[in-house]
Amino acid sequence: MQFAASCLTLAVFLPAVHGQNDAPAGKTANPVAAPAHDFEGVWNGRLGTVGGTNINKDTAPMLPWARAKFDYNTVELKKGGSLTRDPTFHCDPTGVPRVYATGLHPFEIVQTRNRIFLFYESNHIWRTVWMDGRQLPKDPGEPLWMGTSVGRWEGDDLVIETAGFNDKTWIDAAGSPHSDALHVVERFRRVDHDNLQLEVTIEDPKAYARPWKMMGAFKLKPSWEIGEAFCVAEDQKDFEKSILNPTRRP
């Protein structure tokens with residue numbers, strides 16, 4: 001089985017393979033104070049849903065069309081199959097906030113004077129967060145896979161707002177849909193030198209009756225480097241054939 005395809009299947013369920021003996025994210029024996037307004041480094045962990053890892057009508061209050069779309073997205077899973085309707089199954093970008101939810105791939109934060117860059121090992125995706133005081137554009141123009149992001153400091157917290165998405169991605173690996181009205185607020189808090197917390201607020205008035213949250217914990221990995229982990233369409237096609245026809249030899 002090819003690496004790109006196996007990452008798609010395993011990413012939701014497995015911890016990071018870079019350092020399997022690491023302590024759980026969010027825990028450290030001797031915490032060291034976090035440097036102010038410094039989030040640089042490679043971080044590993046994952047994002048989950050408040051109240052559990054499964055999306056439900058209470059956690060994510062879907063409007064009727066979104067619930068119907070969710071049911072369509074997950075019909076294969078309910079039958080015990082694989083999510084071939086998952087956009088990432090066909091090498092589409094993960095979108096935000098799902099890009100944090102795999103648990104298999106780390107991400108890196110690089111800070112400059114007016115911008116913060118987020119480099120995700122998964123599919124070699126990256127984002128620019130503008131830190132020059134600009135607001136989100138009222139007319140974002142052409143919808144984007146990863147949206148348009150602006151950031152600011154609130155005390156020691158880094159707050160990133162992102163909008164201008166297309167409606168082609170899932171919010172999470174569970175199949176939760178969204179519309180082009182999606183507005184994501186990421187709040188990063190460095191609780192100490194080695195641990196980073198992320199609170200994500202999902203706002204989408206076309207798809208959800210009210211905002212809802214996801215939480216994540218990430219641990220600093222000073223010896224890690226972002227690797228190459230592309231989704232290769234040809235590999236995915238072979239993987240899809242093996243999923244749909246398990247008796248076929250790869």
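Just so you know, all these numbers are worked out from the coordinates, no wet-lab data involved. Quantities reported herein were computed from a predicted structural model and do not represent experimental measurements. We place every Cβ from the backbone using ideal geometry, glycine too, and count neighbours over all the protein chains shown.
How would segment 52-180 be classified by its alpha-carbon gyration tensor: rounded, prolate or oblate, with rounded meaning a/c under 1.5 and the a/b versus b/c comparison settling the rest? Please report the intermediate quantities before stating the final value.
Values: a/c = 2.04, a/b = 1.70, b/c = 1.20.
Verdict is prolate for segment 52-180.
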Potential extension, Trp65-Ser223 segment - 0.36 nm per residue separation minus Cα distance: 52.3 nm
FRET E, pair Leu77, Arg115, Förster distance 41 Å, beta-carbon r, rounded to 0.05: 0.60
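For Leu136 and Val32, compute 0.36 nm times the residue count separating them, minus their Cα-Cα distance, and round to one decimal in nm. Present the calculation step by step, with values, prior to reporting the outcome.
Numbers: separation 104, 0.36 × 104 = 37.44 nm, distance 3.49 nm.
So the chain would gain 34.0 nm between Leu136 and Val32.
Compute the Cα gyration tensor for segment 113-163, then decide on rounded, prolate or oblate, letting a ≥ b ≥ c be the square roots of its eigenvalues: rounded whenever a/c is under 1.5, prolate when a/b is larger than b/c in the other cases, and oblate in all that remain.
Details: a/c = 2.15, a/b = 1.12, b/c = 1.93.
It comes out oblate by the Cα gyration axes.
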